[in-house]
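Accompanying notes for the structure given below.
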């Protein structure tokens, strides 16, 4: 075997090892159920100091998702950071890609995972739109 053969065989082994490592890193660690995603969302929001976190059960009310989570960040920068970290954590944990809108302005960011819809607001914007009132059960709205 020549020196060139050693280099080529080593390169092929390195490529196989790298491919195997990449496949292991890309594989989701946890099965993506709506309850699992909801738990991960709530954990991430708590870790990043989101405020006034409200979760709303949408099952039986709409086909757009099973859960909605609404929370606030203290500033546009925090709203964008909370949203960005949430998307990263969901991808790392479940291997799912989410749709995200509004991160550039940081006033209201919408993150759609399919089963869980997350709204992250600045407090003033959240007060203006009052999404919780729209989705809360009517008995709670009457009080």
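Bear in mind these aren't lab numbers, they're just calculated from the coordinates by the rules spelled out. Computed from a predicted model, the values in this text were never measured in an experiment. Reconstructed Cβ throughout: ideal geometry from the backbone, glycine too, with neighbour counts over all protein chains shown.
The label-point distance for residue 84 and residue 64, in a model that sets each label 7 Å from Cα toward Cβ, rounds to 2.7 nm.
Computed over the stretch 34-142, the P(r) curve from all C-alpha pair distances, binned at 5 Å from the origin, holds 2, 13, 24, 26, 20, 10, 3, 1, 0 percent per bin.
Principal axis extents of the Cα atoms in the stretch 81-134, from largest to smallest and rounded to whole angstrom, are 34, 23, 13. Listed peptides 74-85, 99-110 appear in the order 74-85, 99-110 once ranked by packing, highest mean of other Cβ atoms within 10 Å at the front.
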